[in-house]
Amino acid sequence: MRKFARLALLALPLAAALPAQARQDPPITIDTHVDIPFTYMREPRFDVGKDTPLLVDLGKMRRGGLDAAFFVVWVPQHKLDAAGYARAVEQAERKYEAIGRMLMLYPDRIRAATSPEQALANRKAGLLSAMIGIENAYSLGHDLHRLDAAYDRGARYVGLVHVGNNDLCTSSMPDTDHGEPAMNGAGDHGMTDFGRQVVARANALGMMVDVSHASDACVRDVLAVSTAPVIASHSGARALLDHPRNLPDDLLRAIAAKGGVVQAVAYKEFLKYDPGREAAEKKLQAEVAHQAGDKEYDSDKHDYLPAMAAGMAKIQQKFPLPTVDDYVKQIRHIADVAGIDHVGIASDFDGGGGITGWKDASETRNVTAALRRAGFSDADIARIWGGNLLRVWREVERDARH
């Protein structure tokens, strides 16, 4: 009897069960880039059904009004050899399993969404949605069949590259520490034949292609090769901050002309040039790693230690983060250049994202408030918070040939 009562409660109109503040929320809020640690849902501290040190857990999503997130299967870049590929495949597997474990343990709170309609249905039922995105297709292990396997496991976008060039294309940030040439016209060769195969297969499957982290030449190659609109799952505007991870205006326009969407990212280094903070953070990371008995800093291991939290609080006092209003200026620029139908939102939470006013998912409504302060209409906000991404997702599905 209790089971049926609970289901009936979930079926109530969402507005009737939420406070007045939540009734002013957009139809759906989608964050296209949330990172997860390698021990996600394995260590008790990373059990997102409970209060966690993570910037995104189920409680924070619910309190802040974040309806849906793409949880990211990210792997770091290693060598382009058999051992490197094998390691990347294994690392990706751990993250797929962790997302599956979250969905298995908390089906009354969060459900998978492998289509726009499922995401909207979950929202209507009062449930959160989990989608999967791939960051760094190096995790395919140079095997095109693994893209099909990823689709079958729920992945709905594939990011081609991360920091460091891989077997698909050049990165906007080559790994110069390990001998890769700094980005310039001569070193930016764009996509490889394997990269073109991955884009073509993603088009056939109905999987969105993500150009965030890709070099300018690679982005242009993707736009030329893809038969469907593309996304930038977490990127900024280079005209406002000259950083290689941000997109220049000509590429913002080109992505829009293809029908795609650029998800503006709330990441400090793409919003505010602050070399003092960057140096202070690197020094703190080295100190915390040394105190923990490690030779090198590991974000999964060290970011959640008390010493890191205390040190970051001091850094924040001296070198304040950009604010949510700074972030909205990026959104405004992308909307002005690419069009209001071609901009969205991404946090990069638990991957370095987080700004003053949107420090974690519990403060999601602050972004909506800042958009309103900046003069965006409710219709515009609905597009930015999810409508544009869902439109692109539907078009990619429609254009699929499988």
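The values are calculated or read from the model by the stated rules, or taken from the named source; none is laboratory data. Quantities reported herein were computed from a predicted structural model and do not represent experimental measurements. Glycine gets a Cβ as well: all are built from the backbone with ideal geometry, and neighbour counts include every protein chain shown. Heads up: the accessible areas ignore ligands, DNA and RNA and are worked out on the full protein's heavy atoms, side chains in. Shrake-Rupley method; radii C 1.70, N 1.55, O 1.52, S 1.80 Å.
Against the test of being open to solvent by less than 50 Å² (accessible area, probe 1.4 Å), farther than 22 Å from Glu135 by Cα and of a type in the set (Val, Ile, Thr), the options Ile345, Ile340 yield a single qualifying residue, Ile340. Summed over the stretch 272-303, the residues that are open to solvent by 30 Å² or more (accessible area, probe 1.4 Å), in a helix (DSSP H, G or I) and among the aliphatic types (A, V, I, L, M) give a count of 2.
Among the residues of the stretch 309-324, none qualifies, meaning not one is closer than 30 Å to Ala228 by Cα, in contact (Cβ under 8 Å) with a residue 40 or more places away in the chain and open to solvent by less than 20 Å² (accessible area, probe 1.4 Å).
Taking the criterion of being without any contact (Cβ under 8 Å) to a residue 60 or more places away in the chain and more than 12 Å from Gln330 (Cβ to Cβ), the residues of the stretch 238-268 that qualify are Asp242, Pro248, Asp250, Leu251, Ala254, Ala257, Lys258. Does the stretch 113-129 contain at least one residue that is open to solvent by less than 10 Å² (accessible area, probe 1.4 Å) and assigned to a helix (DSSP H, G or I)? Yes, that holds for at least one residue.
Among the residues of the stretch 96-112, those identified as out of contact with any Ser or Thr (no Cβ under 9 Å at 6 or more places or on another chain) and in a helix (DSSP H, G or I) are Tyr96, Glu97, Ile99, Gly100, Arg101, Met102, Leu103, Met104, Leu105. Out of the residues in the stretch 156-165 that are open to solvent by less than 10 Å² (accessible area, probe 1.4 Å) and part of a loop (DSSP other than H, G, I, E, B), state the one that is nearest to Ile132 (Cα to Cα). It comes out as Leu160.
Screening the candidates Arg253, Arg196 for the property of being in a helix (DSSP H, G or I) and within 19 Å of Val337 (Cβ to Cβ) yields one hit, Arg253. Scanning the stretch 64-82 for residues that are under 21 Å from the mean Cα position of the chain (by Cα), in contact (Cβ under 8 Å) with a residue 12 or more places away in the chain, in a helix (DSSP H, G or I) and more than 21 Å from Phe38 (Cβ to Cβ) turns up at least one hit.
Among the residues of the stretch 141-151, those identified as part of a helix (DSSP H, G or I) and either open to solvent by 10 Å² or more (accessible area, probe 1.4 Å) or closer than 20 Å to His234 by Cβ (or both) are His145, Arg146, Asp148, Ala149, Ala150, Tyr151.
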